[in-house]
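Note sheet for the following structure.
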Amino acid sequence: AAKQRGKANRVRYHDGMEQPVLAHARLGGELRQALDDGEFRLYYQPIVELCSGRIVGVEPLIRWEHPTRGLVTPGEFLPAAEATGLIVPMGRFVLREACRQAARWLAEFGPESMQKIGPNVSVRQLHDPDFIDDVRTILAETSLPADRLVLELTESTSLRGTQVSRTLHQLHAMGVRLALDDFGTGESSLSLLRSFPASIIKLDRSFVEGIELDEPGTSAADARQAVAHAVVQLAGALGLVTVAEGIESQEQADLLLRLGYSLGQGYHMARPMPSERMTELFAANQALVAVGGDAR
Ligand code: C2E
Ligand code: MG
Ligand code: MG
Ligand code: MG
């Protein structure tokens, strides 16, 4: 049956195929249909200057507005999109939509608020020979200046090949910036920094979670603080900007600021939201929780 779905499923088919692969292939067909039907939306989460609470950028995060299942988060469909190759056209949609929206916000609210838009990019997109052309076309179509675009890449060994490296350096030469996402969780964090033309490091939220718990005996918190501090120092030495992910409390925000983080992102400041709500937030021009201010 999966065979009949045709081009949408680029999964190699053979007997004794494992269940998850089959499930991926099925879901892959559904995802292709959903992409054609325009069921994917971008939600936007502000990136905030910790000392002032000012919004300095946004991260677009894909959501599937399923007609019956409601809002579906990426954890439930990205693995299938990756496995079937659908991540490539889906990623193109994300890039176009994110750049279009960022250009609007840039025009309406100015370069201070809209310093960067940071869509996530899959390594599979970097392997697509059309990727550079797509980025160039999308920037031209949307009139978004290249220096507003920061592509977020999750560190992984597959970021190492010469083909990928060439693509990353081409992007860099175009003025597009790169962020290393989920920093500290990959196998290759430190050595990757030597060859990867990154401008931004995003500290993974697993190092932020529980970082503020300093009761005696909770050495896990000390370890997280040590890692967070080491990362920000390393980044500083390399001339990179750091963003702390997954900030859920004022205590965490305060602590990260003390450790040297200037930028943060997390439910404490704002959850991902539809573009209309993000526009309202820009229009209100209010700080989203200034560190050292009243906790709420
Ligand atoms: P990510 O790029 O690290 O994005 C941050 C994730 O953490 C988002 O989950 C966001 O909703 C969540 N988050 C933000 N603040 C907090 C917090 O304070 N606490 C907690 N517990 N979570 C927080 P989401 O939207 O479910 O996305 C998960 C991952 O899926 C992303 O992680 C990214 O790797 C991937 N992803 C999302 N959208 C896209 C996309 O358009 N393209 C690609 N290739 N990957 C995407
Ligand atoms: Mg990200
Ligand atoms: Mg991340
Ligand atoms: Mg993540």
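The values are calculated or read from the model by the stated rules, or taken from the named source; none is laboratory data. Please read these numbers as outputs of a predicted model, since none were measured by experiment. As a convention, Cβ positions derive from the backbone with ideal geometry for all residues, glycine included, and neighbour counts pool all protein chains shown. Remember, those area values only see protein heavy atoms, side chains included, never the ligands or the DNA or RNA. Shrake-Rupley method; radii C 1.70, N 1.55, O 1.52, S 1.80 Å.
General remarks:
- Distance in nm between pseudo-label sites at residue 213 and residue 23 (7 Å out along the Cβ direction from Cα): 3.0 nm
- Considering only 78, 126, 151, the residue lying farthest towards the positive end of the dipole of the chain is 126, judged by Cα position with unit charges set on Cβ.
- The accessible area of residue 148, taken with all protein chains in place and a 1.4 Å probe, comes to roughly 40 Å².
- Distance between the pseudo-spin-label points of residue 65 and residue 222 (7 Å out from Cα toward the beta carbon): 5.0 nm.
- Carbon plus sulfur fraction of accessible area for the chain, probe 1.4 Å, in percent: 49 percent
- Per residue, in Å², the accessible surface of segment 119-220 once ligands and nucleic acids are set aside, probe 1.4 Å: 46 Å²
- Distance between modelled label sites at residue 206 and residue 229, nm, 7 Å Cα→Cβ extension: 2.2 nm
- Length, then width, then depth: along the principal axes, the Cα atoms of segment 188-284 run 40, 40, 21 Å.
- Using C-alpha pairs under 8 Å with a sequence gap of at least 6, the mean separation divided by the residue count of segment 50-208 gives a relative contact order of 19 percent.
- Stretching the chain fully between residue 165 and residue 286 yields a gain of 39.6 nm (0.36 nm per residue, less the alpha carbon separation).
- Taking the inverse of the mean reciprocal distance over all distinct Cα pairs, the Kirkwood hydrodynamic radius of the chain comes to 20.3 Å.
- If both residues of a DSSP beta bridge must be in the chain, then about 45% of such bridges are antiparallel.
- Against the main long axis of the alpha-carbon atoms of the chain, helix 19-36 sits at an angle near 90°.
- Leading residue at positive end of dipole, segment 220-292 (Cβ point charges), from 239, 281, 270: 239
- Helix 250-259 vs. the chain, principal-axis angle (Cα, 0 to 90°, nearest 10): 80 degrees
- Take the Cβ atoms of residue 72 and residue 146, set R0 to 30 Å, and the FRET efficiency comes out at 0.40.
- Theoretical gain in end-to-end length, residue 136 to residue 39 [0.36 nm per residue, Cα-Cα removed]: 32.4 nm
- If you take the Cα centroid of segment 70-118 and the Cα centroid of segment 218-237, the two points sit 30 Å apart.
- What you get for the chain, charging only the Cβ of Lys and Arg (+1) and of Asp and Glu (-1), is a dipole of about 980 debye around the Cα centre.
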